[in-house]
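Since the structure comes first, as structure tokens, the remarks are kept for the end.
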Amino acid sequence: MSTTYIPEGTTSPHPSGVPTGRSARHRIWLLILAAALITVVIVALLRKHKPASQAAESPLTTPDIRTATAHRGSMGEYIEALGTVTPLATVNLYSQVNGEVVAVHYVEGQMVHKGDPLIDIDPRPYEAQLQEYQGQLERDQAVLKQAEIDLARYREAAAQDAVARQTFEDQEQTVEQDRGTVKNDLGQVEYGKVQLSYCHLTSPISGRVGLRLVDPGNVVFSGGSSPIVVITQLQPITVVFNVAEDYLDQLRSAVTHREALPVDALDRAQLKRLATGKLLTLDNQVDTSTGTIRFRGQFDNADLALFPNQFVNARLLVQTLQDQILVPAAAVQHNGVSAFVYVVRDGTVHLQAVKEIATEGGDAAISGLHEGDVVAVTGFDKIQDGTRIAVLSTQTAANGAPSESASGVVSQ
């Protein structure tokens, strides 16, 4: 039997030629590392390729905008101010006699005319007083007539020296005293008639009666602090509004020559025209605390659209701007320093600086453009100077149809 010699420090080969466990684990880790590296490279290549393919598949889109055509027209230049509807007359009627209310002839909110009966106060005490005054007058008139007859007799007797001169002169003075008494009685009668007239209150103006303040059976007193009926004139009516003193030079000529400048009264939102009137007058001094002067415009108020003490927006027409270039107000953009528009030429927008003269509502009067120029009115967040665009629609005026502005413009 032979024996194989194995040198010291060497490993005997596996009889089947299979590597040991340590070598196998080393190869497995190498394979995992290689697979991970290949995966990273593939992912990086795919990410690099994807944007390029998407860019090739999705070319840049052209923004769609709406445009308008600049045109010539006439517009009114207005001064705007907040105003208050102010009646030409508001009458508070107070009782000037003491007595019981016996009748109320009006309905709350009724439109009355000058002279219409409103309230009756018990007139019987004042009728009796008037009758007393009249009786006293008749008595004193009779006394005066008797004194005048006696004076005529004394005059004839004095001419014949039948009575003393002193007696004749005394009778003359008696007649004068009786005449004074009669005159005093006449005054008492007139006073009684006035007092009696206070028992029947009539409307001193035409207007609307307010809510009822007294009822039949109530007792009213002369000199009371509360009115018993209030009447407010509604036709015509005025609007008082404050205008900055800077506009006085612009308005002085019209005010001096008493020209009736048109005034519009608009609602709070400035969307509805309530009434149209004319400038009536202005105050005689500037308010130093606000630097404004009060103007008063008068309105016929035929449809009663203006209500006393109502807040409205007043627009005073200063002048009419003729032959102006008009574009929609939405077309005019501002960069904090100046105004500009985007002019469309050959499918491309070009930034054009303009000067905004005045604006109102949906229109603007500007300089720096020519009639017929097409300007962008939408899509400003998608365009800049030189951007290619696609036009959806074109309009001529702000309302979408060729027309002059009917509402005017506001001074800037």
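Exactly one of these conditions fails for VAL219: (1) farther than 21 Å from LEU82 by Cβ; (2) open to solvent by less than 70 Å² (accessible area, probe 1.4 Å). Give me its number.
So VAL219 meets the others, but not (2).
Filter region 287-315 down to the residues that are of a type in the set (Val, Ile, Thr) and buried (at least 17 other Cβ atoms within 10 Å of the Cβ), then identify the one that is nearest to THR90 (Cα to Cα).
Out of the qualifying residues, it is VAL312.
Test THR320 against the criterion of being farther than 22 Å from GLY379 by Cα, open to solvent by less than 60 Å² (accessible area, probe 1.4 Å) and in contact (Cβ under 8 Å) with a residue 12 or more places away in the chain, and give yes or no.
No.
Which one of these is open to solvent by 20 Å² or more (accessible area, probe 1.4 Å), more than 30 Å from SER206 (Cα to Cα) and either charged (D, E, K, R) or in contact (Cβ under 8 Å) with a residue 12 or more places away in the chain (or both): VAL332, VAL327, VAL344?
Among VAL332, VAL327, VAL344, only VAL344 is open to solvent by 20 Å² or more (accessible area, probe 1.4 Å), more than 30 Å from SER206 (Cα to Cα) and either charged (D, E, K, R) or in contact (Cβ under 8 Å) with a residue 12 or more places away in the chain (or both).
Residues checked against (1) surrounded by 14 or more Cβ atoms within 10 Å (Cβ to Cβ); (2) in a strand (DSSP E or B):
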| residue | (1), (2) |
| --- | --- |
| PHE241 | yes, yes |
| ASP246 | no, no |
| ARG252 | no, no |
| VAL255 | yes, no |
| ARG258 | no, no |
| ASP264 | yes, yes |
| ALA269 | no, no |
| THR276 | yes, yes |
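Please tell me if VAL97 is surrounded by 15 or more Cβ atoms within 10 Å (Cβ to Cβ), among the β-branched types (Val, Ile, Thr) and not in a strand (DSSP E or B).
yes
Select from region 111-163 the residues that are surrounded by fewer than 13 Cβ atoms within 10 Å (Cβ to Cβ) and not in a helix (DSSP H, G or I) and list them in ascending order.
Residues satisfying the conditions are HIS113, LYS114, GLY115, GLN160, ASP161, ALA162.
Just give me the residues in region 308-324 being charged (D, E, K, R) and more than 17 Å from VAL263 (Cα to Cα), in sequence order.
First, the residues of region 308-324 that are charged (D, E, K, R): 315, 323.
The one that is charged (D, E, K, R) and more than 17 Å from VAL263 (Cα to Cα): ASP323.
If you scan region 103-133, which residues turn out to be touching a residue at least 60 places away in the same chain (Cβ under 8 Å) and of a type in the set (Gly, Ala, Ser)?
ALA103, GLY109, GLY115
State which residue pairs qualify: first residue within 27 Å of ASN184 (Cα to Cα) and inside region 143-166, second residue hydroxyl-bearing (Ser, Thr, Tyr) and in a helix (DSSP H, G or I) in any location, beta carbons under 6 Å apart, and separation of 6 or more residues or different chains.
Sorted first by the residue in region 143-166, then by its partner, the pairs are ALA147/THR174.
Identify, please: which residue in region 355-365 is out of contact with any helix residue (DSSP H, G or I) (no Cβ under 9 Å at 6 or more places or on another chain) and hydrophobic (A, V, I, L, M, F, W, C) and is, among those, most open to solvent (accessible area, probe 1.4 Å)?
ILE357
Please indicate, with yes or no, whether at least one residue in region 229-249 is modelled with pLDDT of 90 or more and more than 30 Å from LEU266 (Cβ to Cβ). Break it down into steps so the answer makes sense when it comes.
Of the residues in region 229-249, the ones modelled with pLDDT of 90 or more are 229-245.
Those still in the list that are more than 30 Å from LEU266 (Cβ to Cβ) too: 229.
Among the residues of region 229-249, at least one is modelled with pLDDT of 90 or more and more than 30 Å from LEU266 (Cβ to Cβ), which makes the answer yes.
Determine which member of the set VAL229, VAL219, VAL189, VAL182 is over 30 Å from LEU280 (Cα atoms) and touching a residue at least 60 places away in the same chain (Cβ under 8 Å).
Going through VAL229, VAL219, VAL189, VAL182 in turn, just one is over 30 Å from LEU280 (Cα atoms) and touching a residue at least 60 places away in the same chain (Cβ under 8 Å): VAL219.
Among what's in region 338-364 and is under 14 Å from ALA68 (Cα atoms) and within 33 Å of the chain's Cα centre (by Cα), pick the residue that is modelled with the lowest pLDDT.
GLY362
The values are calculated or read from the model by the stated rules, or taken from the named source; none is laboratory data. These numbers come from a predicted model, not from an experiment. Virtual Cβ from ideal backbone geometry, glycine too; neighbours counted across all protein chains shown. For the accessible areas, the whole protein counts, side chains as well, though only heavy atoms, and no ligand, DNA or RNA atoms are used. Shrake-Rupley method; radii C 1.70, N 1.55, O 1.52, S 1.80 Å.
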